[in-house]
């Protein structure tokens, strides 16, 4: 019984720990983006930071299987009404935000406002945000193996069925009360 419980508990803990590491990486990458975006103009930097915040919120909502409420992003002037409506209709809203960030960075690069090195640095962080989202989606979309649940349930049933017979010698007539 303890071995069956151990398998399931270990699998659950591994999933929790991997999710915790991914969320920690998300926080670290968001901080790196904030730090590395000082080379942008104040307006561009603020826009990028807001987009990363929106991405984080959308990813959280996606993992919790909550519907996106675009109205909570209205205070971010960088999203127009069509983008807000698209967030609600898009199957993968966090990916939509990452695509918008990427488009903005490419535009800034083409306008000559940042160098290739700065673009490469910021792009690496955006790619890592996409990898973090993929890892989180994998954890959320992969249930624990069914055999772990079945094995545990059957072991508990067998244990509960056999327990009275093994206690009968020690408890005698009082066994049914236990």
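Figures for the structure shown
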read-out	value
Set 87, 74, 79, 48: member being modelled with pLDDT of 80 or more and assigned by TED's automatic domain parsing to the domain that holds residue 140	48
Residue within the stretch 142-153 that is closer than 23 Å to residue 35 by Cβ, assigned to a helix (DSSP H, G or I) and in contact (Cβ under 8 Å) with a residue 40 or more places away in the chain present	no
Selection from the stretch 131-155 of residues that are closer than 20 Å to residue 31 by Cα and surrounded by 15 or more Cβ atoms within 10 Å (Cβ to Cβ)	132, 133, 135, 136
Selection count where residues are over 15 Å from residue 55 (Cα atoms) and surrounded by 13 or more Cβ atoms within 10 Å (Cβ to Cβ), scope the stretch 92-119	7
Residue within the stretch 123-130 that is closer than 14 Å to residue 59 by Cβ, free of Cβ contacts under 8 Å to residues at least 40 places away in the same chain and touching a helix residue (DSSP H, G or I) at 6+ places or on another chain (Cβ under 8 Å) present	yes
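The values are calculated or read from the model by the stated rules, or taken from the named source; none is laboratory data. Note that the coordinates shown come from a computational prediction; the quantities given were computed from them, not determined experimentally. Here Cβ is always computed from backbone atoms with ideal geometry, including for glycine, and neighbour counts include all displayed protein chains.
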